[in-house]
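Step one of this worksheet: look at the structure below.
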Amino acid sequence: MCLHTYSNSRDLVRLKLSEEISANQGFHYFCTARHRREDSASRKMVTAMMMMKNSLFLLAWLSFCAKAEVFTSIGQMTDLIFTEKELVQSLKEYIQAEETKLSAVKSWASKLDMLTQMSTSDPEGYLAHPVNAYKLMKRLNTEWSELESLVLQDPSDRFIANMSVHRQYFPDEEDQKGAAKALMRLQDTYKLDSESISQGRLPGVRYNALLTVDDCFDMGKMAYNDADYYHSVLWMQQALRQLDAGEDASTSKSDVLDYLSYSVYQLGDLPRAIELTRRLVFIDPSHQRAGGNLRYFEKLLSTEMREQARKPTDPASERPIDLATYERPRDYLPERDTYEALCRGEGVKMTTQRRSRLYCRYHDGRRNPRLLLAPMKEEDEWDSPHIVRYLDALSNQEIEKIKELAKPRLARATVRDPKSGVLTVAHYRVSKSAWLEGEEDPVIDRVNRRIQDITGLTVDTAELLQVANYGVGGQYEPHFDFSRRPSDSSLKKDGNRLATYLNYRDEPDAFKSLGTGNRVATFLNYMSDVEAGGATVFPDFGAVIWPRKGTAVFWYNLFRSGEGDYRTRHAACPVLVGSKWVSNKWIHERGQEFRRPCGLTEVD
């Protein structure tokens, strides 16, 4: 394999929301009642107008944002960083306004305190002076009203108005839930214990981030509410560990033990559930459920012991709960273990013999005029099926332009339902994508033409250039790029392939409406480096391809006969650390008849 390095330059694009709602923060405390009313009305009108301007500006910028989808794109989440910064500034201004108001009230109180001490010591003598009598009338008629107005002023109005403008673009409960599940996905895929995640010990991180007891408790509670007791135990145990270490938290130890003991019981570990519940009773003897749970658990354990011919049951393990304590529940994906092992770089079937068949070369696209003087650098990534990587497939300028065009229209990536053929969102594809036409910008047209030159396949019948950005734990689980057929003679009905065949035997021709045939090939551009995770893996034959900015990989999804190559089932591994940007071109059958003619056999 050839070695090639690339610089990693990322420009943060700041979302400029608006100018200040109001430039003047002064308070006019001592004015006439008429002026107060006019100034107040004027300020309200100016504030309302500026708020409306802010709102229109925000709507223009953020109309593409969809609720409950924020966590699926790191690129769009960066906008929230600057939104939060603006809110912090607004909060500081509110605090300053409150302090200014309080200072004015204190000044009033101090002045009046001294005045009343003097006047009450000799009321008649004090009022004997006509100026004092006049000033008393004036104070009670005018100045106390002004003080009342001052006290009634609410500096929070501006902050609340700013919050209201931004709140519609805040992540919602589904976003928080999606981000929590993403952390658990990373935990499972990369075999990370809860403590490593809580302490921010992740490979390739540039910024440290810690999870508090309350954070861990919320993670565990979210899993508990989904009846995911495996992850609930892991995160409640971490919350308990941090509490035992003396960390301050609003979450009580009894609450953690309550959830933890019942989750452990749900996993079938009665001895440990009893020990945890006893600890809960000791901490909080009046707990509403603890006593009843303890009696119930002990009764179940006693029954189990009788059923086992009174064989002693192993006592609760003193070893802390970790990833290996309980078996992770199986799910719908038959090749889950293989897929996740490859994501970790384990189980790669790159043998010495296979490596000897991989080469580097200059590729001129069969003497394509545009590549003769500047041929592409081509590396073999795998021999069969043949997967190649092209170096310098995209320049940094092209990458930034593609991201610039795509970012405003990023929307939750979809998949075709295997039965209906309709595009829909799916939990196993966590990213946002956008589709770019060649006519939109010369860069897109140039990229499309380059793909055609490199592959020798026409892109006239290809799909638009798809740009994708992966969010927190962003992934695309094992899938095919091509449309499966109910009967495929090349499909071996054993192991994982049988499960795959059964899953997709009812799928129609998903691309029939396009009139361009099936997806014959995939051209995938990597537009960013990824600090950790994010590999493209092929579970069927054990290949792993790591993202390298500016490179592209290419493979055929169909044999020359048009039959699907089921070996090309692949996945985008969860992004552990970093932001992954890719763009891809799905090339279709129509128009390739003379560019890639049929072979002599079904699997040529």
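Results for (1) at pLDDT below 95; (2) surrounded by fewer than 22 Cβ atoms within 10 Å (Cβ to Cβ); (3) hydrophobic (A, V, I, L, M, F, W, C); (4) within 25 Å of Met350 (Cβ to Cβ), shown as yes or no for each residue.
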| site | (1), (2), (3), (4) |
| --- | --- |
| Ile451 | no, no, yes, no |
| Asn469 | yes, no, no, no |
| Arg485 | yes, yes, no, no |
| Leu524 | no, no, yes, yes |
| Phe559 | no, yes, yes, yes |
Helices (runs of 4 or more DSSP H) contained in the stretch 127-236 and holding at least 2 residues under 23 Å from the mean Cα position of the chain (by Cα) and not β-branched (Val, Ile, Thr): 156-167, 173-189, 194-198, 213-225
Check on Ala324, of a type in the set (A, V, I, L, M), at pLDDT below 90 and open to solvent by 40 Å² or more (accessible area, probe 1.4 Å): yes
Those residues of the stretch 230-251 which are open to solvent by less than 60 Å² (accessible area, probe 1.4 Å) and closer than 17 Å to Leu280 by Cβ, in sequence order: Ser232, Val233, Met236, Gln237, Ala239, Leu240, Leu243, Ala249, Thr251
When residues of the stretch 565-604 are limited to those that are in contact with an Asp or Glu (Cβ under 6 Å, 6 or more places away or on another chain) and not in a loop (DSSP other than H, G, I, E, B), the one nearest to Leu202 (Cα to Cα): Val577
Candidates Ser254, Ser263, filtered to the one that is open to solvent by less than 30 Å² (accessible area, probe 1.4 Å) and either aromatic (Phe, Trp, Tyr) or touching a Gly at 6+ places or on another chain (Cβ under 8 Å) (or both): Ser263
Residue among Gly347, Gly268 that alone is under 25 Å from Glu195 (Cα atoms) and open to solvent by 50 Å² or more (accessible area, probe 1.4 Å): Gly268
First in the stretch 147-172 and in contact (Cβ under 8 Å) with a residue 12 or more places away in the chain, second anywhere and loosely packed, with under 14 Cβ neighbours inside 10 Å and among the basic types (Lys, Arg), Cβ under 8 Å, 6 or more apart: Asp172/Lys67
Output for the stretch 193-220, where each listed residue is among the aliphatic types (A, V, I, L, M) and buried (at least 18 other Cβ atoms within 10 Å of the Cβ): Ile197, Leu202, Leu211, Val213, Met219
Cβ pairs under 8 Å, 6+ apart, first in the stretch 320-342 and under 16 Å from Met184 (Cβ atoms) and part of a loop (DSSP other than H, G, I, E, B), second open to solvent by 70 Å² or more (accessible area, probe 1.4 Å) and modelled with pLDDT of 90 or more: Leu323/Lys191
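Table: residues versus (1) within 28 Å of Arg590 (Cβ to Cβ); (2) in a helix (DSSP H, G or I).
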| site | (1), (2) |
| --- | --- |
| Ala393 | yes, no |
| Val430 | no, no |
| Glu439 | yes, yes |
| Val447 | yes, yes |
| Asp453 | yes, yes |
| Val459 | yes, no |
The lone exception for Ile74 - which of (1) open to solvent by 90 Å² or more (accessible area, probe 1.4 Å); (2) within 30 Å of Asp175 (Cα to Cα); (3) β-branched (Val, Ile, Thr) it fails: (1)
Residue pairs meeting the criteria (Cβ under 8 Å; at least 6 apart or on separate chains; first touching a residue at least 40 places away in the same chain (Cβ under 8 Å) and outside any loop (DSSP other than H, G, I, E, B), in the stretch 530-546; second open to solvent by 10 Å² or more (accessible area, probe 1.4 Å) and acidic (Asp, Glu)): Ala543/Glu381; Ile545/Glu381
Enumeration of residues in the stretch 547-557 that are in a loop (DSSP other than H, G, I, E, B) and crowded, with 21+ Cβ neighbours inside 10 Å: Pro547, Gly550, Thr551, Asn557
Residue satisfying all of: in the stretch 131-157; touching a helix residue (DSSP H, G or I) at 6+ places or on another chain (Cβ under 7 Å) and under 18 Å from Ala97 (Cβ atoms); most open to solvent (accessible area, probe 1.4 Å) among these: Val151
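Yes or no, residue by residue, for (1) more than 28 Å from Pro597 (Cα to Cα); (2) of a type in the set (A, V, I, L, M, F, W, C):
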site	(1), (2)
His427	yes, no
Lys432	yes, no
Leu436	yes, yes
Glu439	yes, no
Pro442	yes, no
Asp445	no, no
Thr455	no, no
Val459	no, yes
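The values are calculated or read from the model by the stated rules, or taken from the named source; none is laboratory data. From a predicted model like this one, the values you see are computed outputs, not experimental measurements. Please note: Cβ atoms are built from the backbone with ideal geometry, for glycine as well, and neighbour counts cover all protein chains shown. These area figures cover heavy atoms from the full protein model, side chains too; ligands, DNA and RNA do not enter into them. Shrake-Rupley method; radii C 1.70, N 1.55, O 1.52, S 1.80 Å.
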